[in-house]
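A.B. asks: I have a structure here, written as structure tokens, and I will follow up with some questions on it.
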Amino acid sequence: MRFGVLGSGVVGQSLADGLLAKGHEVMRGSREPAKLEPWRAGAGPRARVGPFTEAAGFGEVVVLAVKGSAAVAAVTSCAEALAGKTVIDTTNPIADAPPVNGVLQFFTGPGDSLLERLQAAVPAARFVKAFSCVGNALMVDPKLPGGPPTMFICGNHEGAKGQVGTILAQLGWELEDLGAAEAARAIEPLCMLWCIPGLRQNRWRHAFKLLQG
Ligand SMILES: NC(=O)c1ccc[n+]([C@@H]2O[C@H](COP(=O)([O-])OP(=O)(O)OC[C@H]3O[C@@H](n4cnc5c(N)ncnc54)[C@H](OP(=O)(O)O)[C@@H]3O)[C@@H](O)[C@H]2O)c1
């Protein structure tokens, strides 16, 4: 499958590398694609780079991995290319203000989420929240003593969530579908929870797992 990965940061790199390793084709997008040339040169013939709009157009599925405060503008600039496509939204609404006692600050409030803002900005795209509640180092084939961790997802389009479920299984995750876009109000703050051990005690190798009776 062809993936567009919008983002030149560590999340874009981890997911692009993981998707290439599973046999997919990937075009990574950036405002300055030239800075991704060294990555492309080392990533093999199925890797490409381009501006955001080109990467969005290339992907049958698109991964959004840009800074939270730039996410609405980034998807709006690619709106035409994203119409009808599954967009895996990895972003978190982290504010520029520093963490308080290890707790990140968000620019969204209660009854709000970045995923819902993205879906409202580009109604024709099919946003699915995923990968937002784990560090980039564990996004692909997470190996932890407790077995495969759980990725919490949500979104309004059932077909898009089905597609993301297949991709998550390829990348070594169990899946918990929490329903429609509003569930992002609960999923996005898991990023705060995930980061607290890291910011307070420099512990970063963990992931969430839903234990069911
Ligand atoms: N780091 C993690 O482990 C982790 C884990 C889970 C979720 N997340 C979330 O995943 C997203 C990506 O995180 P990251 O750490 O890989 O990278 P990041 O530093 O948060 O974002 C880098 C990307 O954001 C784009 N960007 C920044 N300002 C922009 C602007 N004003 N307009 C358009 N694009 C802009 C950059 O574009 P250029 O390429 O043009 O510079 C770059 O592609 C974030 O929302 C983050 O909260 C991160």
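A.B. asks: Residue by residue through region 126-137, what is 3J(HN,Hα) from phi via Karplus (6.51 cos²θ - 1.76 cosθ + 1.60, θ = phi - 60°)? Round to whole Hz and write x for glycine and proline.
C.D. replies: Using θ = phi - 60°, the values come out as 10, 6, 10, 6, 6, 6, 6, 10, 8, x, 4, 5 Hz.
A.B. asks: Sticking with this structure for a sec: At 37 °C and 0.692 mPa s, what whole-number value in µm²/s does Stokes-Einstein give for the translational diffusion of region 1-101, with Rh from the Kirkwood sum over Cα pairs?
C.D. replies: Estimated via Stokes-Einstein, D reaches 243 µm²/s.
A.B. asks: From the gyration tensor of the Cα coordinates in region 49-195, what semi-axes in whole Å does the equivalent ellipsoid have, largest first, with each one equal to sqrt(5λ)?
C.D. replies: So the equivalent ellipsoid measures 22, 20, 15 Å along its semi-axes.
A.B. asks: Going highest first, how would you order 192-204, 165-177 by mean Cβ packing within 10 Å?
C.D. replies: Per-residue mean Cβ counts within 10 Å order the peptides as 165-177, 192-204.
A.B. asks: Hey, can you grab everything whose amide H is under 5 Å from the amide H of Val5? Only 5+ residues off in sequence or another chain; H modelled, so Pro and N-termini drop out.
C.D. replies: Counting only residues 5 or more places away or on other chains, the set is Met27, Arg28, Gly29, Val63.
A.B. asks: A further question follows. Can you work out the accessible area per residue across the chain, with the rest of the protein chains kept in place, probe 1.4 Å, in square angstrom?
C.D. replies: With the other protein chains kept in place, the chain gives 45 Å² per residue.
A.B. asks: In whole Å, what are the extents of region 172-213 along the principal axes defined by its C-alpha atoms, from largest to smallest?
C.D. replies: Each principal axis gives a Cα extent; for region 172-213 these are 33, 23, 21 Å.
A.B. asks: Moving to a separate point now. Carbon-plus-sulfur fraction of the accessible area of the chain, 1.4 Å probe, in percent?
C.D. replies: So the carbon and sulfur contribution to the accessible surface is 55 percent.
A.B. asks: If you don't mind, another one. Given only helices, namely DSSP H runs of n ≥ 4 each adding -39500 (n - 2.57), what is the per-residue ellipticity at 222 nm of the chain, to the nearest 500 deg cm²/dmol?
C.D. replies: Rounded to the nearest 500, the figure is -9500 deg cm²/dmol.
A.B. asks: Using only alpha carbon pairs under 8 Å that are at least six residues apart, calculate the relative contact order of the chain and give it in whole percent.
C.D. replies: Relative contact order comes out at 18 percent.
A.B. asks: Follow-up question, since we're still on this one. How much FRET efficiency would the formula 1/(1 + (r/R0)^6) give for Ala34 and Val10, where r is the Cβ-Cβ distance and R0 is 25 Å, rounded to 0.05?
C.D. replies: Approximately 0.85, to the nearest 0.05.
A.B. asks: Moving to a separate point now. What spacing in nm lies between the two simple spin-label points modelled at Asn101 and Trp204, each 7 Å away from Cα in the Cβ direction?
C.D. replies: 2.5 nm
The values are calculated or read from the model by the stated rules, or taken from the named source; none is laboratory data. All figures in this text were calculated on a predicted structure; none of them were measured in a lab. No Cβ is skipped: glycine too gets one built from the backbone with ideal geometry, and neighbour counts run over all protein chains shown. With ligands, DNA and RNA removed, areas are computed over all heavy atoms of the protein, side chains included. Shrake-Rupley method; radii C 1.70, N 1.55, O 1.52, S 1.80 Å.
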